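The values are calculated or read from the model by the stated rules, or taken from the named source; none is laboratory data. Keep in mind that this is a model prediction, so the values were computed, not measured. Note: ideal-geometry Cβ built from the backbone for every residue, glycine included; neighbour counts use all protein chains shown. To get the accessible areas, we keep the full protein, side chains included, count just its heavy atoms, and leave off ligands, DNA and RNA. Shrake-Rupley method; radii C 1.70, N 1.55, O 1.52, S 1.80 Å.
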Amino acid sequence: MITPKGEGKVVDIMPMSNKVVVQLDNEENKYLTATFEREELQPWDELETLRRKAAAPCDRHEGGGCTCGKSGNRNS
């Protein structure tokens, strides 16, 4: 999971309060946990998918119909 305090692993879920306890990836203290609202968390795999999609070239560049700016030369 990606939290406001960095990456971590869900160790407990509190469905009645809509909160999640996360063990944070912290080199100083491997057992540091924090509680977050469920809406504050983002699954790591979804974030990685979005990163890859943003880095990939647009599929409309070859036809010249794209204005996303990823190709390096914009059609004005």
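Just to be sure, is residue 50 exposed (fewer than 13 other Cβ atoms within 10 Å of the Cβ) and either at pLDDT below 75 or touching a strand residue (DSSP E or B) at 6+ places or on another chain (Cβ under 7 Å) (or both)?
So residue 50 passes the test.
Condition (residue is at pLDDT 70 or above, open to solvent by less than 100 Å² (accessible area, probe 1.4 Å) and part of a loop (DSSP other than H, G, I, E, B)) applied to region 58-66: is it met by at least one residue?
Checking region 58-66: not a single residue is at pLDDT 70 or above, open to solvent by less than 100 Å² (accessible area, probe 1.4 Å) and part of a loop (DSSP other than H, G, I, E, B).
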